[in-house]
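Every number in this text was worked out from the coordinates using simple rules, so none of it is lab data. Everything quoted here is computed from the prediction, not taken from an experiment. In this analysis, Cβ positions are derived from the backbone assuming ideal geometry, glycine residues included, and neighbour counts consider all displayed protein chains.
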Amino acid sequence: MTLTTSPNRPQRIAALGFDYAAQPKEWVRDCNLCGATTFVVLNRRDRYGYPAQANACNRCGLVFLNPRMTAEAYGRFYDGIYRPLVSAYHGRLIDAQTVQDEQREYAADREQFVRPFMVSGGSPPGGSQDPPLRTMLDIGGSTGVVAGHFANAFGLTATLIDPAPLEIAQAKQFGIETITGLVEAHDFGDRRFDLVLICQTVDHLLDIAGTLKKVRELLTERGLLFIDIVDFRAAYLRNWSVDEAIKIDHPFYLTEQTMPAYLRRAGFDVLRTDYAADHLHVSYICRGADPDRGVLPEPAAVAEMFREIRFVRNAPRP
Ligand SMILES: [Zn+2]
């Protein structure tokens with residue numbers, strides 16, 4: 001891959017020749033979290049300058065691209081344009097090779113967060129008689145750095161599923177089982193996993209509710225789920241811009257209200273929440289529980305987010 005070295009970000013992005021407006025798209029009719037059908041348009045352009053609009057659900061505050069590219073268009077996007085686009089945005093080469101340093105650091109940090117729960121899994125405290133957790137599934141596992149690290153650190157047998165063939169090719173070098181595809185579409189038969197990782201991936205999914213439902217079914221009785229989000233609120237406050245917090249690679253934008261609601265509704269209890277050192281990511285370690293389909297973000301918190309977004313859009317940067 002060649003990288004246009006223009007010091008000008010819009011020129012670097014334009015040099016990729018990606019025509020976002022011409023990509024096949026579909027409208028989102030129902031909120032993926034609560035099912036409501038009335039939305040608020042938050043922006044006109046994304047951080048790359050593409051005409052991508054995010055909507056927020058009037059009832060629960062879930063934020064998502066609408067319209068958004070079809071699954072097929074996203075498939076092509078990840079196969080060719082995604083890494084070059086992120087490289088052009090940041091002005092440095094980011095590919096399946098170079099992301100691995102960052103992923104190693106991330107893996108070591110997340111290992112520390114997960115470690116206290118790895119003895120007894122999702123069993124109540126005191127369950128140290130239980131056999132150790134043995135199997136792991138990394139969803140959207142990219143180049144396998146994180147899966148390989150966790151497998152070594154905790155003695156787990158790792159399986160990785162990712163739609164990007166280039167990243168899967170890198171992952172094979174760690175000797176872990178790889179599946180090229182999407183977890184929503186893949187048939188795992190009667191296989192179950194003691195630990196499921198959804199690392200820096202949930203915002204890229206096209207159906208979060210459907211994926212979490214599937215993950216819940218894939219978890220063993222003592223199984224754990226690790227999942228993390230880019231906190232949308234942190235992203236727009238950091239940049240003092242809603243446009244800068246929106247990017248076509250993320251169909252969804254989660255918050256500290258919407259992600260826990262998703263988890264409770266899908267049948268997960270959050271055991272511990274962690275705020276990353278970058279002040280942008282929030283991580284959750286969860287165990288299986290009975291789904292609570294009634295849980296939604298508090299209306300007052302949703303109203304506060306809308307108020308804050310209007311303020312960030314209209315008020316000068318402090
Ligand atoms: Zn909603």
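Ratio of Rg to Rh for segment 97-210: 0.97 [Cα atoms; Kirkwood radius as inverse mean 1/r over pairs].
Taking each residue as 0.36 nm, the span from R191 to A71 lengthens on full extension beyond its C-alpha to C-alpha distance by 40.6 nm. Over all other residues within a Cβ to Cβ distance under 12 Å of D292, the charged ones net out to +1, with Lys and Arg as +1 and Asp and Glu as -1. Magnitude of the charge dipole for segment 1-95, about its Cα centre and with charges confined to Cβ atoms of Lys, Arg (+1) and Asp, Glu (-1), is about 320 debye.
3J(HN,Hα) couplings calculated from phi for segment 259-264 with the Karplus curve 6.51 cos²θ - 1.76 cosθ + 1.60 (θ = phi - 60°) are, in sequence order, 5, x, 5, 3, 5, 4 Hz; Gly and Pro show x. Each residue of segment 185-197 was assigned a 3J(HN,Hα) from its phi angle through the Karplus curve 6.51 cos²θ - 1.76 cosθ + 1.60 (θ = phi - 60°); the sequence is 9, 7, 8, 8, x, 9, 5, 10, 10, 7, 9, 10, 10 Hz, with glycine and proline shown as x.
Residue-wise HN-Hα couplings along segment 152-162, as the Karplus relation 6.51 cos²θ - 1.76 cosθ + 1.60 with θ = phi - 60° gives them from phi, are 5, 5, 10, x, 9, 8, 9, 10, 10, 10, 7 Hz; Gly and Pro carry x. Quick check: Cα centre of segment 42-78 to Cα centre of segment 241-263, how many Å? Centre-to-centre distance over Cα atoms comes out at 10 Å. Between segment 195-221 and segment 271-318, the alpha-carbon centres lie 18 Å apart. The modelled label-to-label distance for the pair E184/Q97, using points 7 Å beyond Cα in the direction of Cβ, is 3.4 nm. With both labels modelled 7 Å from their Cα along Cα-to-Cβ, the A21 to D292 distance reads 4.7 nm. Hey, in the GNM for the chain with a 10 angstrom Cα cutoff, which one of V41, V282, V230 fluctuates hardest? Its mean-square fluctuation being the largest, the pick is V41. The calculated 222 nm mean residue ellipticity attributable to helices in the chain amounts to -9500 deg cm²/dmol, summing -39500 (n - 2.57) over DSSP H runs of n ≥ 4 and dividing by all residues.
Computed over the alpha carbons of the chain, Rg followed by Dmax gives 19.5, 60 Å.
Extension gain for L271 to E308 (0.36 nm times residue separation, less C-alpha to C-alpha distance): 10.4 nm. For segment 181-318, count all C-alpha to C-alpha pairs, find those more than 23 Å apart, and express that count as a whole percent of the total. When all Cα pairs of segment 181-318 are counted, 38 percent exceed 23 Å. Between the amide H of T220 and those of F193, D194, distances stay under 5 Å, these residues lying 5 or more places away or on another chain, with hydrogens modeled in the peptide plane. Ordering Q53, G140, V99 by Cα displacement along the dipole of segment 48-182 toward the positive end leaves Q53 in first place; charges were set at the Cβ atoms of Lys, Arg (+1) and Asp, Glu (-1).
This model, with +1 at the C-beta of Lys and Arg and -1 at the C-beta of Asp and Glu, gives the chain a dipole about its Cα centre of some 780 debye.
Amide hydrogen proximity for T178: with H placed 1.01 Å from N in the peptide plane, the residues at 5 or more positions away or on another chain lying under 5 Å are L160.
Of the residues M69, M118, A21, the one whose Cα sits farthest towards the positive end of the charge dipole of the chain is A21 (charges of +1 on Lys and Arg Cβ, -1 on Asp and Glu Cβ, taken about the Cα centre).
Taking a point 7 Å from the Cα of H204 along the Cα-to-Cβ direction, none of the residues of segment 19-34 has its backbone N closer than 15 Å to it. Annotation for segment 1-102: chymotrypsin sites (Phe, Trp or Tyr not before Pro) lying in DSSP loop with at most 12 further Cβ atoms inside 10 Å of their Cβ are W27.
For the chain, the cysteines with no partner cysteine C-beta closer than 4.7 Å are C199, C286. Take the Cα pairs of segment 15-124, get the Kirkwood Rh, then feed it into Stokes-Einstein at 10 °C and 1.306 mPa s and tell me D in µm²/s. My calculation gives 92 µm²/s for D. If you plug the beta carbon distance of E177 and R29 into 1/(1 + (r/R0)^6) with R0 = 30 Å, you get a FRET efficiency near 0.20.
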